[in-house]
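A short worksheet on the structure shown next.
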Amino acid sequence: FLEEDGLRLNHASKNVGVRCKNFIEGNWTIDQSFVTEDDPGCVDIKNQDFTLREDSEVFQLIPEFEPIPFGEIGLYEDEYRPKVAGQ
């Protein structure tokens, strides 16, 4: 991502920043992103369920936004990890 002047720019697109003091710092270009100090429409932000409700304003502001599949993130039991600690 070297630009004509030799500077390296980081590019971000279709992001949501919530209560971020500095959403971007340094050499960034962003597009189709939304930054807010308010709850953007999370299921239960107070209890750290950041899943976006279907009626979240994010989907109107960034139509191509792909929500994070929080339920699929984490450790899984498999042939290399027969037991997940804490479960």
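Read the figures in this text as sums done on the coordinates, not as results from a lab. Quantities reported herein were computed from a predicted structural model and do not represent experimental measurements. Cβ: placed from backbone, ideal geometry, glycine included. Neighbour counts: every protein chain shown.
For this structure, a couple of remarks:
- Its DSSP H runs of at least 4 residues, each contributing -39,500 (n - 2.57), put the calculated 222 nm mean residue ellipticity of the chain at -500 deg cm²/dmol, to the nearest 500.
- Ordering of 48-57, 17-26, 72-81 by burial proxy (mean other Cβ atoms within 10 Å per residue, highest first): 48-57, 17-26, 72-81
- Structure-derived Cα extents along the principal axes in Å: which label, when the choices are (i) 54, 24, 18; (ii) 52, 35, 25; (iii) 45, 29, 22: (ii)
- Evaluated with a Cβ-only charge set (Lys, Arg +1; Asp, Glu -1), the stretch 4-87 carries a dipole of roughly 340 debye about its Cα centre, given to the nearest 20.
- Taking the DSSP bridge list for the chain and keeping only pairs wholly inside it, about 30 percent are antiparallel.
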